[in-house]
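Asker: Quick one: the structure is below, questions incoming.
The values are calculated or read from the model by the stated rules, or taken from the named source; none is laboratory data. Because the structure is a prediction, the values reported are computed rather than measured. Here Cβ is always computed from backbone atoms with ideal geometry, including for glycine, and neighbour counts include all displayed protein chains. All accessible areas refer to the heavy atoms of the entire protein, side chains included, with ligands and DNA or RNA removed. Shrake-Rupley method; radii C 1.70, N 1.55, O 1.52, S 1.80 Å.
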Amino acid sequence: MPSVALTNGVALHWREAGVPDGPPVIWIHGGSVEDSSMMIADLEPWLDRVRALLPDTRGHGRSTHFERVEDYTYVRKAEDLLLWIDALGVPDAIWGGVSMGAALSLWIASHAPSVARAVISISGPPFAAPESDRRWWAAHRPLVEAGTHRGLFRRNVRLRMGDDGLARLKAKPERHAELVAVLRRHTTASLLALLDETYARRIGSTSVRASGVRCS
């Protein structure tokens, strides 16, 4: 996986596929237990005509992890991605993804519209988590506090994909182990911060500065 040290101190890793001179498509994974490895199959039918760029957002995969809630906001994630495409020399792209990736793509388009040709948003969650999700996190937070990554991973997959989705994943033990291992890159504090930000997020006015451009 290529990586770049951004000017804000974040080491951002990503996957890349397709044709180098094709239109860039930035395809972003969901939050908490996911990373870019879960996304490449989505774009396989179009890899003969697009340049697929699949980042690990901060706190996910191999990119830099933090231990404070305020370091995991959409503002900070968007800042990274704007600095990243500037470092790659990509002036604009089609943005999209699933769940958090879908919502983050919409955030980018809303706050930095000059870099977004279009957005593909699949199952993007509301900015503020619904009360049912807050209750789910309150019930499962002790798993993270106890360092039970495997248990949290399975419950999160069941929440997002249902029992059938979990069964399909468990039928591939090597892949299941690989994804749990990615989650273990976190310290207890960094995983708690990542998930606390997700489930405690409130509507509010924010701004992001990246590549010399202020977006608000």
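Asker: Enumerate the whole-percent occupancy of each 5 Å bin, from 0 to the last occupied one, for all C-alpha pair distances of segment 47-178.
Answerer: 2, 8, 14, 19, 20, 16, 11, 7, 2, 0
Asker: Segment 53-89 to segment 1-50: how many Å between their Cα centroids?
Answerer: 12 Å
Asker: With +1 on each Lys and Arg Cβ and -1 on each Asp and Glu Cβ, and nothing else charged, work out how big the dipole of the chain is about its Cα centre, in Debye to the nearest 20.
Answerer: The dipole of the chain has a size of about 500 debye.
Asker: Work out, step by step, the length gained on full extension between ILE122 and ALA171: first 0.36 nm times the residue separation, then minus their alpha carbon distance; give nm to one decimal.
Answerer: Between ILE122 and ALA171, full extension yields 15.1 nm more.
Asker: Considering only protein heavy atoms and a probe of 1.4 Å, how much of the accessible area of the chain is carbon and sulfur, as a whole percent? Present the calculation step by step, with values, prior to reporting the outcome.
Answerer: Working: 5300 of 10060 Å².
On the chain, the fraction of accessible area on carbon and sulfur atoms equals 53 percent.
Asker: If you don't mind, another one. For the chain, what does the accessible surface come to per residue with a 1.4 Å probe? Please give it in Å².
Answerer: Working: 10060 Å² over 216 residues.
The answer is 47 Å² per residue.
Asker: Further, regarding this structure: What residues have an amide H closer than 5 Å to that of ARG62, excluding those fewer than 5 places away on the same chain, when H is modeled at 1.01 Å from N in the peptide plane?
Answerer: Amide H to amide H, under 5 Å and 5 or more residues apart or across chains, ARG62 pairs with nothing.
Asker: Starting from the residue with the highest accessible area, list ILE120, ILE85 in decreasing order, probe 1.4 Å.
Answerer: Sorted descending by solvent-accessible area, the residues read ILE120, ILE85.
Asker: So, one more: Points 7 angstrom from Cα along the Cβ direction at ARG202 and ARG135: gap in nanometres?
Answerer: Distance between label points: 2.2 nm.
Asker: Continuing with this model, one more query. Note the full-extension length gain between ASP21 and LEU47 as 0.36 nm times their separation in residues minus their Cα-Cα distance, in nm to one decimal. Please list the in-between numbers first.
Answerer: Working: separation 26, 0.36 × 26 = 9.36 nm, distance 1.14 nm.
Full extension from ASP21 to LEU47 adds 8.2 nm.
Asker: Something else now. Report, by chain and number, residues whose modeled amide H sits under 5 Å from the one on ARG201, excluding near sequence neighbours (fewer than 5 apart, same chain).
Answerer: ALA129
Asker: Would you mind calculating the gained length between VAL4 and ASP163 on full extension (0.36 nm times residue separation, minus the Cα-Cα distance), in nm to one decimal?
Answerer: The VAL4-ASP163 span can extend by a further 53.5 nm.
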